[in-house]
1. Within 20 Å of A52 (Cα to Cα), exposed (fewer than 14 other Cβ atoms within 10 Å of the Cβ), out of contact with any Cys (no Cβ under 7 Å at 6 or more places or on another chain) and not assigned by TED's automatic domain parsing to the domain that holds L272 - does that describe any residue in the stretch 152-166?
2. Got at least one residue in the stretch 269-279 being hydrophobic (A, V, I, L, M, F, W, C), at pLDDT below 90 and within 26 Å of V237 (Cβ to Cβ)?
3. Could you go through the stretch 27-48 and let me know if any residue there is at pLDDT 95 or above, within 25 Å of L116 (Cα to Cα) and touching an Asp or Glu at 6+ places or on another chain (Cβ under 8 Å).
4. Please determine, by comparing only the residues of the stretch 321-338 that are in contact with a helix residue (DSSP H, G or I) (Cβ under 7 Å, 6 or more places away or on another chain) and closer than 27 Å to Q242 by Cβ, which one is surrounded by the fewest Cβ atoms within 10 Å (Cβ to Cβ).
5. Taking only the stretch 67-109 into account, find how many residues are without any contact (Cβ under 8 Å) to a residue 40 or more places away in the chain, part of a loop (DSSP other than H, G, I, E, B) and charged (D, E, K, R).
6. Which of the following residues is surrounded by fewer than 16 Cβ atoms within 10 Å (Cβ to Cβ), of a type outside the set (F, W, Y) and on the phi > 0 side of the Ramachandran plot: D134, D67?
7. If I go through the stretch 46-66 residue by residue, how many of them are within 17 Å of L20 (Cβ to Cβ) and not in a helix (DSSP H, G or I)?
8. Which count do you get for residues in the stretch 301-322 that are modelled with pLDDT of 90 or more and closer than 15 Å to T289 by Cβ?
Amino acid sequence: MPSLQAPALTPIAFVQAIVLAYERRGLDPSEALKQAQIAPEALENPATRITALQFERMSDAAMHELDDEGLSWFSRRLPWGSYGMLARASISAPNLGVALKRWCRHHGLIADDITLNLSVSSQTAALTITEHRDLGALREFCLVSVLRNFHGLACWFIDSRIPLTGAQFPFVAPAHQEVYPVLFSAPAHYLQGQAAIQFDASYLGLPLRRDEAALRQMLQRALPLTVLQYRRDRLLVQRVRQALASQPVDTHSADDLAALLNMSARSLHRQLKDESASLQALKDEVRQTRAIDLLLRTQRPIKQVALAAGFQNDKSFTRAFRAWTGQSPTAFRQAGQV
């Protein structure tokens, strides 16, 4: 649960965008700023940062007072409950991929200023935003919010963290660009053709873990979805196996592997424990499979097999292989060729 004492990371530029939405409607944002405990003078300093809870309170108040969940991003208002309606239309989907495609399709029915498209290429899924009109001064706030809402809902649907592998934006890097790695937990690239986020397409096949009752509860306080960092990653074990198998030379240590997965070694060990797995057991499993395949299907020298399986030398490989099979690599190969 975010608190007012949490780190202040959200740029005041996003609050300024909400104030602009009030101005366009001829309304006063003072009460919303008061509820969020944001001093009016803070709006004048572009270096000001607020907490996630402050931003949640400001956004919630504005959406209700303006009766617009789009906060003036689009040419027509999205009355309160619009995004809840989209979530209800998606929650009966058999898997995340179907749910997100429904979300994209239905979003176009209520806001035709942009089009959301979910695509898959080379095992990477991408959510791309196509703009159909000039979004003006609210462009950054709109694109960032839509991407964060989409990502947050996707994580909520499957009750899992979905690590992003990249985020891109069509505008120049903003003055507060240092917060983007926090907002998206992925490398950010600017001056791209379209706004988009990318993630492992394997998540699209996971079944939804939420029902109508859970949806009703979530909609009572949906905004934290955009800041919630899920601890559980339901595909972490699979992602670790893939990294160990595809990049054995680059995954000798937990630090190296964690860096490839865009997390800390501490988080890697903790999350694997949550999934009743251990890094050493996964290493042994992947290395053993790779080593056996190379021993039986190739004539590579033992030293080369050791390196290809992720060992730094043949001696440590031989010790590990004996522990796995009760035989040396040479004896195993000879027995398999009989």
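1. no
2. To start, the set of residues in the stretch 269-279 that are hydrophobic (A, V, I, L, M, F, W, C) comprises 272, 277, 279.
With at pLDDT below 90 added as a condition, the list becomes 272, 277.
Filter once more, keeping what is within 26 Å of V237 (Cβ to Cβ): 272, 277.
Yes, because at least one residue in the stretch 269-279 is hydrophobic (A, V, I, L, M, F, W, C), at pLDDT below 90 and within 26 Å of V237 (Cβ to Cβ).
3. no
4. Restricting to residues being in contact with a helix residue (DSSP H, G or I) (Cβ under 7 Å, 6 or more places away or on another chain) and closer than 27 Å to Q242 by Cβ, the top hit is G336.
5. 4
6. Numbers: D134 fails: on the phi > 0 side of the Ramachandran plot.
Going through D134, D67 in turn, just one is surrounded by fewer than 16 Cβ atoms within 10 Å (Cβ to Cβ), of a type outside the set (F, W, Y) and on the phi > 0 side of the Ramachandran plot: D67.
7. Taking the stretch 46-66 as the starting set, the residues that turn out to be within 17 Å of L20 (Cβ to Cβ) are 46, 48, 50, 55, 58-59, 61-63, 65-66.
With the extra rule that they be not in a helix (DSSP H, G or I), the set shrinks to 46, 48, 50.
Of the residues in the stretch 46-66, 3 are within 17 Å of L20 (Cβ to Cβ) and not in a helix (DSSP H, G or I).
8. Count: 5.
The values are calculated or read from the model by the stated rules, or taken from the named source; none is laboratory data. It should be emphasised that the depicted structure is a prediction, and the values quoted were computed from it without experimental measurement. Don't worry about glycine lacking a Cβ; one is built from the backbone with ideal geometry, like all the others, and counts go over all protein chains shown.
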